[in-house]
1. Yes or no: GLN543 among the polar types (S, T, N, Q), out of contact with any strand residue (DSSP E or B) (no Cβ under 9 Å at 6 or more places or on another chain), within 22 Å of ALA469 (Cα to Cα) and part of a helix (DSSP H, G or I)?
2. Kindly indicate the residue of segment 45-82 that is among the acidic types (Asp, Glu) and part of a loop (DSSP other than H, G, I, E, B) and also surrounded by the most Cβ atoms within 10 Å (Cβ to Cβ) among those meeting that condition.
3. Would you please name the residue that is nearest to TYR434 (Cα to Cα), looking only at residues in segment 383-393 that are buried (at least 17 other Cβ atoms within 10 Å of the Cβ) and not charged (D, E, K, R)?
4. Looking only at residues in segment 789-810 that are of a type in the set (A, V, I, L, M, F, W, C) and touching a Phe, Trp or Tyr at 6+ places or on another chain (Cβ under 8 Å), which one is modelled with the lowest pLDDT?
5. Is there a residue in segment 65-73 that is closer than 30 Å to LEU275 by Cβ, under 50 Å from the mean Cα position of the chain (by Cα) and touching a residue at least 40 places away in the same chain (Cβ under 8 Å)?
6. Among the residues of segment 403-428, count how many are farther than 13 Å from GLU374 by Cβ, of a type in the set (D, E, K, R) and surrounded by fewer than 20 Cβ atoms within 10 Å (Cβ to Cβ).
7. Checking the condition at pLDDT 90 or above and in contact with a helix residue (DSSP H, G or I) (Cβ under 6 Å, 6 or more places away or on another chain), which residue from ALA175, ALA154 passes?
8. What do you reckon, is PRO353 without any contact (Cβ under 8 Å) to a residue 60 or more places away in the chain, touching a Gly at 6+ places or on another chain (Cβ under 9 Å), surrounded by fewer than 21 Cβ atoms within 10 Å (Cβ to Cβ) and outside the structural domain of GLY51 (by TED's automatic domain parsing)?
Amino acid sequence: METSPTRQLLLATKLTMPQSYAPLLVPRTYLYHQLERGAHHPLTLIAAPAGFGKTTLLTAWLRQQSSYQVAWLSLDSDDNDLARFWCYCLTAFGRANPDLEVQAQRCLDIHRNDPIKDMLAAFINILTTYPDPLLCVLDDYQHIHLPAIHQSLAFFLEHLPLHVHLLVSTRTDPALPLVRLRVRGQLLEIRSEELRFDLDETAQLFNHGMKLQLEPEYLCDLLRATDGWIAGLQLVGMALQKMPEQKEPPVTMSSLIAINRHLSHYLNEEILMTLPDDVREFLYITSILEQVKADLCDAVTGWDNAEAMLEWLERANLFSAVPDEEGGWRRYQRFLLEFLRQQLSQKYAERLPELHSRASHWYEQHDMPQEAVEHALAAGAYERAADLLEAHAWPLWMQGQIPCIFDWLTQLHPYIELQQRPVVAYLSACIYLYTGQWERYGYALDIARHSQRGRQDSEMLSCIYDLQACYAIYTGNGKQALTYTQQALDANRYKPLLSSFSHVLRGAAHLCGGDIQQAQVELTLGQRIGKQMNSPIAIASGQLHQGRLYTMQGQLREAMKLYQQCSSNRKDCMAWFARQAHLQAGQLYLEWNELVRAQEQLRMAQEESEQIEGGSVYSMLAAQLAWAGGKVEQALQLLDQAEGLLMHKDGQTYALAQLVLLRTRYRLALGHVGPVQGMLQNSYPSNLEERSVLEQELWLQAKARLLLARRRPAEVIQLVQTLLPTIKAQGRVADELQLQLLLIQAHYASGDIRRTRHVLEHCLILAEPGGYRRLFLDEGHVLMTLLSELYHRHQKRYTGDLHSHVLGYVHTLLLEFGCDVEPRDWKSWQKRAQRAQASLEQLSGRELEVLKLIAEGNSNQQIASTLVVAESTIKTHLNNIYSKLNVNSRLQALTKAHTVGLLEI
């Protein structure tokens, strides 16, 4: 066969599928299925920036195929010649099918001087005579920019035989009729969103492919930093393989770029240097923005061509997602954005203040105060930032932007005077309260308060009262909090947005006094108004305090649902509330003895914000977890740490009482009776009756435990019975359970087995719905013994006192204690219980007495004497018993009674 002059110029390697020089580490099964689907469309388009694994995906999939003949063409910038392009294409088809090779070459030779459409029409006719499925891959199509090639390829696509399919891989969208093909259902698209790695694929790359064995949390951080960009992940992996093990690995894209020059070079050479100069400068300047749109970019750059630029960039697939249809907002690929910002700081550092200032003014004019403040701060325009913050403080605050405001104030404080800015002073007081900086809180609050003298700013005044109520609640002073919240409502009676938070705080204040009923009224009202007004701060705080109310009622599962909602709504939930929700959820998991989950909540609370107040609560929960895990010394050290944090703060008497009770329990469990007695003597409040009800109960519990350890059960019983009526009346199940457990042990120490059993069974019925476990486990051997005795006693007989699910709960508790307990045959037990219940309902009370006396071996005469009745009456009772139990003798009656559980063996 004669070779044409044109064909002699062709490179054979461009017509060969690339060979992978590294083993394919991560199979892309889902994408393989997508490509399989694409083979039933005229065109499959794979469009994404460099490094998303387009070519690797295609070659991996094609090597698995046996049902398709494949024509492959790798394109470059030299192929922007119409004749050369189609010469390559037809030659690729010929290499795919030997029978087609001669026909393709003849078509090229015959139609060398004809219009391109004539040559294509002839070749399409040839393709129709070859019915085998045929795939043609055009790789790196972004190099093609000649309009004539795009037009001829569109014609080719329009008339493609059904068994021929085209796959185009490109960094930029080709100038083909994609919209028309999309509408007709003739196009399948795979873009960067589908190509980027997910968490499982990232783990497979690092842990299996690169043998790095990274922790799941770090993998999540890497995935977030790179947006799943495959080339970035691979280059990061190579850098991590060379990094010393003891060095902390980087987790942000900027730090990854800083430690990996290969990553920086790749981004520069494969992406930025392939762009026109004006596009590259546009990217640098607009990288100060989190999201871009045309008029904003025009304002920042000072140009007037942003719309055209953004359209160009969209075709280049440099945005992470399709634009917002309503607002027209776009966002650059994350990996590219961080690199652009690094380059911007090096190339245009002197222009940064001006650029940020332009952005700030645009955001202010378009009612986007959060972004306006941030760019004003970035521009170093601190007075302007403070002006913006004061102008928009209330909506931002009520929308729950506490973390943002915290960051802004931290940046502003060195440059502004609080005395001149009362709103900033108030916001600073809020932040100081949440971060436990009491002296600064008082100073800033005084400035805000004094600024209101002679003014009628009801909104500001209401917020100040609510802030004072927060402090009162935080220190356990519910009465004072109620006074402040009433003043807040009086000052702002007609503005529900603020009153919603005031009502939530009133609910929290009632909880400080144990008044659950009134707390529920206020919390319900506050949350309802908060939802109506879409106030995240009222909703989140309401969830927290409602969760606390549920916990006090023993409804632990309902409380957990609220804590999970509060901590998961990151968009609406502020850092302080999220941290508290994690801590409270950790406390519940601890109570359920799910120590791993509790530890995870503790970790998440720490991550949420290390600046937010709550260190003592954190340390006390950590101490309880350490104790539950058998780490005694660590638990005691953590309590010391919590005490150190509390001693530096005024008004923390309630938290100190909690700490003293924990220390009392742990020290007594270790047998340190003397030291505990000394501790309580030194720290016991002389003005206890002036403290809140809940705080008083904590100190009295500590006292009762010491009395129990000193073998003075009668005093314990008296003390507990003094406290119980109020607690029961208020429905505080959690507190009642704590006291009932003390009562159980006191009765047991007194030798009163009947009362011990009665209180224990009552306690189990109360505790079972909430699934309490550590409540019993932390009491140790005495409770284990009593639970074991109760369990085995109820296995032998049915008393009608405990339901089967409660006995199942006892079984679970014994397993948690580590007891070797045989599992019950609950089905059989329930049938037996039903029979016993039926027998109980048949027999009268007097007949049951007679039956028990018979079981003790008494004669009819002895029974009559005991019951002070005639012997004939006993005979009548016996006949009734025989009839109801369907037996004929005393022995049969006793046997039947034991069988159904009426009598204890």
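The values are calculated or read from the model by the stated rules, or taken from the named source; none is laboratory data. Note that the coordinates shown come from a computational prediction; the quantities given were computed from them, not determined experimentally. When we count neighbours, we look across all protein chains shown, and the Cβ atoms used for this are built from the backbone with ideal geometry, even at glycine.
1. Values: among the polar types (S, T, N, Q): yes; out of contact with any strand residue (DSSP E or B) (no Cβ under 9 Å at 6 or more places or on another chain): yes; within 22 Å of ALA469 (Cα to Cα): yes; part of a helix (DSSP H, G or I): yes.
Yes; evaluated as a whole, the condition is true for this residue.
2. Initially, segment 45-82 is screened for residues among the acidic types (Asp, Glu), giving 76, 78-79, 81.
Adding the requirement that they be part of a loop (DSSP other than H, G, I, E, B) leaves 76, 81.
On the way: ASP76: 11, ASP81: 13.
By that ranking, first place goes to ASP81.
3. Of everything passing the filter in segment 383-393, ALA393 is nearest to TYR434 (Cα to Cα).
4. Taking segment 789-810 first, the residues of a type in the set (A, V, I, L, M, F, W, C) are 790, 802, 806-807, 810.
Among the residues that remain, those that are also touching a Phe, Trp or Tyr at 6+ places or on another chain (Cβ under 8 Å) are: 807, 810.
On the way: LEU807: 83, VAL810: 91.
Looking at the filtered set, the residue picked out is LEU807.
5. Pass one, segment 65-73, residues closer than 30 Å to LEU275 by Cβ: 72-73.
If we keep only those that are under 50 Å from the mean Cα position of the chain (by Cα) as well, we get 72-73.
Checking which are touching a residue at least 40 places away in the same chain (Cβ under 8 Å) leaves us with 72-73.
Checked against the condition, which is being closer than 30 Å to LEU275 by Cβ, under 50 Å from the mean Cα position of the chain (by Cα) and touching a residue at least 40 places away in the same chain (Cβ under 8 Å), segment 65-73 yields at least one hit.
6. Summing the residues that are farther than 13 Å from GLU374 by Cβ, of a type in the set (D, E, K, R) and surrounded by fewer than 20 Cβ atoms within 10 Å (Cβ to Cβ) in segment 403-428 gives 1.
7. ALA175
8. Details: without any contact (Cβ under 8 Å) to a residue 60 or more places away in the chain: yes; touching a Gly at 6+ places or on another chain (Cβ under 9 Å): yes; surrounded by fewer than 21 Cβ atoms within 10 Å (Cβ to Cβ): yes; outside the structural domain of GLY51 (by TED's automatic domain parsing): yes.
Yes: the conditions hold for PRO353.
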